[in-house]
Amino acid sequence: MRAVLFANGMIDQESVEHLTIRTDDIIVSVDGGFRHVQALDINPHIIIGDMDSIDSHHLPNLEEQGVEIHRFPPAKDETDLELALHILRNRGYDECLIIGALGGRIDQTLANIWMMASESSTDFSISLDDGCEHIVVILDETTINGDKGDLLSLIPFGGPVQGIVTNGLAYPLQDEALYPEKTRGLSNVLLGNQAKISIRSGKLLCVHRRALACKKEL
């Protein structure tokens, strides 16, 4: 089961519209992420948070429409996004796509990436997307679909990553290691529409920057 979470970070509105939302996805608004849900004209199934970033007059109407609302106090040890992930994991969801967890406050962005990488496992897949960039965690192997010329960076998380093999990238790795204190894995380039990456051990952050969607200067 997949949940699509809308957080309160920055998104590229035009690019996000091209992300595939499946009919069987559960749409979760994480507090102020409701503004993105509204802008995209999507009906949420669940709203989670302390409600400090959402206009309170929306809530009664949403409750009448059957939207499930989880309220938490503003003073708490976890962010709204972390609480949302815990709820979904406990309900048996095995895949979470988080839209709008990047950009804006650097502390929130770093915390979201760290949390995503820490919480990701073989039975609970988490990815981040803002329409321009897509971030996934590689635990064994994965395939990245994109366009020729897209940038793809491989960043070790929490320690060295061993046995990395890549196909479809301009600078290939063949059973090699990357280290978190080194920058060797940054700014690789897709040679076509697909790249394949596999690892033997560790956790590898994969940041896919869509050349056609990203309007920001490098």
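The values are calculated or read from the model by the stated rules, or taken from the named source; none is laboratory data. As the structure is a prediction and not an experimental result, all values here were calculated from the model. Note that we place each Cβ from the backbone using ideal geometry, even for glycine, and neighbour counts take in every protein chain shown.
So the values come out like this:
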| quantity | calculated |
| --- | --- |
| Per-region count, segment 1-37, residues modelled with pLDDT under 85 and either in a helix (DSSP H, G or I) or assigned by TED's automatic domain parsing to the domain that holds GLY146 (or both) | 6 |
| Considering residues of segment 188-218 that are surrounded by 15 or more Cβ atoms within 10 Å (Cβ to Cβ) and not hydrophobic (A, V, I, L, M, F, W, C) only, the residue nearest to SER127 (Cα to Cα) | HIS208 |
| Residue check for GLU119: more than 21 Å from THR183 (Cα to Cα), buried (at least 16 other Cβ atoms within 10 Å of the Cβ) and either among the aliphatic types (A, V, I, L, M) or touching a residue at least 24 places away in the same chain (Cβ under 8 Å) (or both) | yes |
| All positions within segment 95-113 that are on the phi < 0 side of the Ramachandran plot and in contact with an Asp or Glu (Cβ under 8 Å, 6 or more places away or on another chain) | LEU97, ILE98, ILE99, ALA101, LEU102 |
| Options ILE138, ILE164, ILE155, ILE98: the member that is in contact with a strand residue (DSSP E or B) (Cβ under 6 Å, 6 or more places away or on another chain) and within 21 Å of ILE21 (Cβ to Cβ) | ILE98 |
| Odd one out for PHE6, checked against (1) crowded, with 16+ Cβ neighbours inside 10 Å; (2) farther than 27 Å from CYS132 by Cβ; (3) out of contact with any Pro (no Cβ under 7 Å at 6 or more places or on another chain) | (2) |
| Enumeration of residues in segment 126-140 that are under 13 Å from LEU204 (Cα atoms) and not aliphatic (A, V, I, L, M) | SER127, ASP140 |
| Residue match in segment 55-68 (condition: outside any helix (DSSP H, G or I) and in contact with an Asp or Glu (Cβ under 8 Å, 6 or more places away or on another chain)) | no |
| Test: residue in segment 87-94 that is surrounded by 13 or more Cβ atoms within 10 Å (Cβ to Cβ), hydrophobic (A, V, I, L, M, F, W, C) and more than 19 Å from ASN43 (Cα to Cα) | yes |
| Candidates ASP140, ASP147 - the one that is in contact (Cβ under 8 Å) with a residue 24 or more places away in the chain and closer than 21 Å to ALA177 by Cβ | ASP140 |
